[in-house]
Amino acid sequence: MKRANRFLRSVIFLLVLALAAGTFAVFTWRQLGTPYQGFGEKAVFLEVERGMSSGRIAERLAEAGVIAHPWQFLLLRYLRPGATLQAGEYRFTGAASARTVFSRLARGDVYYVTLVIPEGANLFEIAALVDASDLRNAKDFLKHARDPSLVRDLDPEAPSLEGYLFPSTYQFRRGITSAEICARLTGEFRRQWKALGAPTGAHRMVTLASLVEKETSIAEERPVVASVYWNRLHEGMRLDCDPTVIYAALLEGKYRGAIYRSDLERDSPYNTYRRAGLPPGPIANPGAAALRAAIHPAETAFLFFVAKGDGSGAHRFSENLTGHTANVNDYRKAVKASGAGTR
């Protein structure tokens with residue numbers, strides 16, 4: 001009987017112990033899944049360095065107020081020994097559970113700044129976008145963008161990186177340098193340029209493509225606009241390209257939002273109303289379509305084009321001055337009919 005009682009007490013003790021352990025396990029698991037209410041109001045950035053130990057990561061998370069206690073993270077590490085914690089910078093914007101935090105590090109949910117560069121943006125506009133994204137300040141970016149050494153092999157005549165900062169959507173880590181941003185953008189240009197099967201000697205092609213990019217956003221017009229410029233170059237005519245006049249003013253810090261007579265008369269190598277031939281370099285950063293148009297222009301005899309003036313962004317093309325004059329008159333009528341004024 002005594003032996004039976006001892007056995008019963010042992011069983012009860014083990015059951016109580018198992019129940020207590022189970023209760024503790026459930027409580028702990030719930031804690032690991034409960035968002036930490038001690039998280040502050042401001043976003044927290046935390047850098048996980050390559051080779052950093054789990055213990056150090058746990059300490060830094062707790063010190064930053066992302067999790068309540070280091071042991072929570074370490075317990076999850078014990079339960080998931082096969083998980084690889086990814087290096088990089090992480091951004092925490094609100095209360096999260098230890099399980100959520102661990103999962104983010106395990107899947108490498110690293111924080112990146114997205115930078116969208118539209119087709120036709122010039123280096124001044126890109127600098128402003130970089131500044132607005134808090135990656136680098138505009139002045140620092142322009143300093144590196146004005147150094148053409150990254151593309152010397154492609155274009156020995158390049159006065160800057162203008163034309164080679166390929167427009168696309170990029171993701172950058174915080175703390176990236178302006179030199180690294182420029183290297184990434186020019187690297188993407190190289191990839192696109194190779195994909196186009198472009199001929200050697202990028203200078204003329206990219207410069208002309210930048211003019212095409214600024215003159216029209218209509219896809220089917222780009223090869224035609226390119227043909228006009230190549231035809232005018234062949235005939236020894238001035239290109240009379242308005243965007244080059246704007247760029248000349250931008251370089252001198254004198255652009256006023258519109259083209260004035262003084263801009264047309266500016267003695268700049270970029271002013272194609274005064275100088276024959278292409279400008280010294282690109283005036284913007286063309287996308288793949290504009291580059292393709294410059295490499296493979298349409299076969300036309302057109303020497304002139306002017307906007308239709310109807311708000312469509314489309315143009316009328318002509319082979320001679322008589323046709324161009326008629327198209328200009330139509331443009332003026334369309335502008336007048338729309339109620340838009342001219343400067």
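Residue selection: LYS254 satisfies the criterion of being part of a loop (DSSP other than H, G, I, E, B) and without any contact (Cβ under 8 Å) to a residue 40 or more places away in the chain.
ARG256 falls short on exactly one of the conditions (1) touching a Lys or Arg at 6+ places or on another chain (Cβ under 6 Å); (2) closer than 21 Å to THR272 by Cβ, and that condition is (1). Just so you know, in the range 107-122 the residues that are of a type in the set (Gly, Ala, Ser) and modelled with pLDDT of 95 or more include one that is nearest to the chain's Cα centre (by Cα), and it is ALA121. In this structure, GLU157 qualifies as out of contact with any strand residue (DSSP E or B) (no Cβ under 7 Å at 6 or more places or on another chain), touching a residue at least 60 places away in the same chain (Cβ under 8 Å) and surrounded by fewer than 15 Cβ atoms within 10 Å (Cβ to Cβ).
Every residue, every condition in (1) farther than 22 Å from ASP134 by Cα; (2) in contact with a Gly (Cβ under 9 Å, 6 or more places away or on another chain), yes or no:
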{"site": "ILE176", "(1), (2)": "no, no"}
{"site": "GLU180", "(1), (2)": "no, no"}
{"site": "ALA183", "(1), (2)": "no, no"}
{"site": "GLN192", "(1), (2)": "yes, yes"}
{"site": "MET205", "(1), (2)": "yes, no"}
{"site": "GLU215", "(1), (2)": "yes, no"}
{"site": "ILE218", "(1), (2)": "yes, yes"}
{"site": "ASN231", "(1), (2)": "yes, no"}
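Filter the range 328-343 for residues that are exposed (fewer than 11 other Cβ atoms within 10 Å of the Cβ) and of a type in the set (A, V, I, L, M); which is modelled with the highest pLDDT? Among those residues, the one meeting the criterion is ALA337. Number of residues in the range 39-73 that are free of Cβ contacts under 8 Å to residues at least 40 places away in the same chain, assigned to a loop (DSSP other than H, G, I, E, B) and either outside the structural domain of ALA98 (by TED's automatic domain parsing) or not polar (S, T, N, Q) (or both) equals 13. Residues in the range 122-137 that are crowded, with 20+ Cβ neighbours inside 10 Å and either among the small types (Gly, Ala, Ser) or in a helix (DSSP H, G or I) (or both): LEU123, ILE126, ALA127, VAL130.
When ALA293 is tested against (1) assigned to a helix (DSSP H, G or I); (2) without any contact (Cβ under 8 Å) to a residue 60 or more places away in the chain, just one condition goes unmet, and that condition is (2). For the range 177-207, the set of residues classified as closer than 27 Å to HIS296 by Cα, under 20 Å from the mean Cα position of the chain (by Cα) and surrounded by 15 or more Cβ atoms within 10 Å (Cβ to Cβ) consists of ARG184, LEU185, THR186, GLU188, PHE189, ARG190, GLN192, TRP193, VAL206, listed by residue number. I want to confirm something. Restricting to the range 65-86 and keeping residues that are surrounded by 15 or more Cβ atoms within 10 Å (Cβ to Cβ) and of a type in the set (A, V, I, L, M), which single residue is farthest from GLN37 (Cα to Cα)? Ranking the qualifying residues of the range 65-86, first place goes to ALA83.
When the residues of the range 40-62 are narrowed to those that are closer than 15 Å to ARG91 by Cβ and of a type in the set (Gly, Ala, Ser), which ends up modelled with the lowest pLDDT? Spell out the reasoning first.
From the range 40-62, those closer than 15 Å to ARG91 by Cβ are 40-48, 60-61; that's our starting set.
Pick out the ones that are also of a type in the set (Gly, Ala, Ser) and you get 40, 43.
On the way: GLY40: 88, ALA43: 91.
Once the filter is applied, the top-ranked residue is GLY40.
Could you list, in sequence order, all residues of the range 162-181 that are touching a helix residue (DSSP H, G or I) at 6+ places or on another chain (Cβ under 9 Å) and farther than 24 Å from LEU46 by Cβ? Within the range 162-181, GLU162, GLY163, TYR164, LEU165, PHE166, PRO167, SER168, SER178, ALA179 meet the criteria. All conditions but one from (1) surrounded by fewer than 18 Cβ atoms within 10 Å (Cβ to Cβ); (2) closer than 30 Å to VAL116 by Cα apply to ARG261; the one that does not is (2). Among the residues making up the range 309-327, those that are surrounded by fewer than 16 Cβ atoms within 10 Å (Cβ to Cβ) and either in contact with an Asp or Glu (Cβ under 8 Å, 6 or more places away or on another chain) or part of a helix (DSSP H, G or I) (or both) are ALA314, LEU321, THR322, GLY323, THR325, ALA326. Annotation: PHE172 fulfils all but one of (1) farther than 30 Å from GLU49 by Cβ; (2) crowded, with 16+ Cβ neighbours inside 10 Å; the unmet one is (1).
Quick check, is ALA284 assigned to a helix (DSSP H, G or I), touching a Gly at 6+ places or on another chain (Cβ under 7 Å) and not charged (D, E, K, R)? First the steps, then the outcome.
On the way: assigned to a helix (DSSP H, G or I): no; touching a Gly at 6+ places or on another chain (Cβ under 7 Å): yes; not charged (D, E, K, R): yes.
So ALA284 does not fit the description; no.
The values are calculated or read from the model by the stated rules, or taken from the named source; none is laboratory data. Note that the coordinates shown come from a computational prediction; the quantities given were computed from them, not determined experimentally. Neighbour counts run over all protein chains shown; Cβ positions are idealised from the backbone, glycine included.
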